[in-house]
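Here the structure comes first, spelled out in structure tokens, and everything after it is commentary.
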Amino acid sequence: MRRRFFGAAATSAALGLLFSLSGCGSSSGDGDDATLKLVAAEYGTTPQTSSKTFWDKATDEFTAQHPGIKVEVKLLPWAEIDREVSRMVKAGKAPDMALMGSYSDFAAEGKIYPADELLSVRAEANFLQPLAEAGSIGNTLYGLPFVASSRLLFYNETLFNKAKVTPPKNWKDLKEAAQALKKEGVRYPYALPLGPEEAHAEALIWELSNGGGYVDTSGNYALSSEANVETFQWIKTNLVSPGLVGPVQPGKFNRQDAFSAFLRGEVGMLNGYPSLYQEAKAKGIAVKTMPMPVNEGLGPAETPPAVGVADWMVAFNQNEHKQQIGKFLDFIYQDKYLSEFAGQYHLLPSTVTATRASSGNGTGIEATDQAFLAALRGAQLYPVNNPNWVTVSDTIKRNIGRAVEPAADPKAVLEDIANKSRNESKKS
């Protein structure tokens, strides 16, 4: 079987602080006068946790320093923002900036500014390397990473102790731990959310742990590779068929369902991110984290990366506010603001200096989040720099759960997903 080889954590990007960008280019307005429109995803879940508080404060402070530039922020739910921003762009009403989940379609259409027209070389070099690579098409950075997270395996230490099992190092250990947890009456020994909410994350975590993934070493899609097929055959045979994933079919089990079950103490193991860790601790769950166990057939040099996820700031060129946008980005990407925003939602800031400045100060990366940062430094992100990723990821989310259904052939399902992705990409 052809395997993908992974190196150690990526080398840290060069350090550098952001600074004002006079001479960034011309603007359609005279001087600094402009009203910038930013459409941003809402990260909060209640009025008390809404992102509005952060943006109101930050934009007021920006305008105080740049009286001629006002910034109007519109918040949209995550479920709507990518679609709504795309609609606005197609209607000729693009915002100046958007903080959202994708960028490559806009870059392919020439709708957004590349980072080198907005930021200094030193500012570009300040992004964590895996995030900068994911935000680039060729050698050009288009998607500016704002905040990020990584995925680790969570386990309930109380349930593990009751079942007399230790943290698994490989798939064989994971199966044995799940069997022991089931004997102790644990409802979800291993929670496997392959429902459409975020199935592409769970699938990629498992594929990487077997040397596979969504793309090959050349960056081409490899959705039905031999490694990926083997992965889902193992999951179906060793976890799903023996009833080690709980009472709900994985294809109908969403991420939030799994997280809620974990917070009720009903899950032995699942993959999660920093905010879930904080919620679990707050509820008194004895939660521990570790890297995803690997297929024991992987060689010692094949250490798979964790899955990383980033949210992207993009700057649209339709309104020709390049100079003003550059000044705002220079401002908002200061360590202070990145650390504050990331800390509020238990995410990770996107720059080297912000991750260092915020460590241990209570406003950014807490000590408990350091494991997630270490994983992020060497993580593999979704292939978001492929112009068809939005279409491909949607196809994966809607179909990958079928690969572990009782009557399914995982190979046939993965090949069908690959074919559907190709056909849908041609339409887009």
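The values are calculated or read from the model by the stated rules, or taken from the named source; none is laboratory data. All figures in this text were calculated on a predicted structure; none of them were measured in a lab. Using ideal geometry, Cβ is built from the backbone for each residue, glycine included, and neighbour counts are taken over all protein chains shown. Calculation scope for accessible area: heavy atoms of the full protein, side chains included, ligands and nucleic acids excluded. Shrake-Rupley method; radii C 1.70, N 1.55, O 1.52, S 1.80 Å.
Numbers at a glance
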{"read-out": "Per-region count, the stretch 218-228, residues in contact with a helix residue (DSSP H, G or I) (Cβ under 6 Å, 6 or more places away or on another chain) and either assigned to a loop (DSSP other than H, G, I, E, B) or surrounded by fewer than 23 Cβ atoms within 10 Å (Cβ to Cβ) (or both)", "value": "2"}
{"read-out": "Hits in the stretch 282-321 - residues which are among the hydrophobic types (A, V, I, L, M, F, W, C) and over 17 Å from residue 169 (Cβ atoms)", "value": "282, 285, 286, 287, 307, 309, 310, 312, 313, 314, 315, 316"}
{"read-out": "Single residue of 294, 314 found to be under 25 Å from the mean Cα position of the chain (by Cα) and closer than 26 Å to residue 85 by Cα", "value": "314"}
{"read-out": "Boolean, residue 84 is surrounded by 12 or more Cβ atoms within 10 Å (Cβ to Cβ) and at pLDDT 90 or above", "value": "yes"}
{"read-out": "Within the stretch 124-217, helices (runs of 4 or more DSSP H) holding 2 or more residues that are free of Cβ contacts under 8 Å to residues at least 60 places away in the same chain, open to solvent by less than 10 Å² (accessible area, probe 1.4 Å) and touching a Leu at 6+ places or on another chain (Cβ under 7 Å)", "value": "none"}
{"read-out": "Subset of the stretch 62-77 that is in a helix (DSSP H, G or I) and more than 29 Å from the chain's Cα centre (by Cα) - its residue that is nearest to residue 321 (Cα to Cα)", "value": "63"}
{"read-out": "Some residue of the stretch 395-414 being modelled with pLDDT of 90 or more and in contact with a His (Cβ under 6 Å, 6 or more places away or on another chain)", "value": "yes"}
{"read-out": "Unmet requirement for residue 247, which otherwise passes all of (1) surrounded by 19 or more Cβ atoms within 10 Å (Cβ to Cβ); (2) at pLDDT 95 or above; (3) over 24 Å from residue 134 (Cα atoms)", "value": "(1)"}
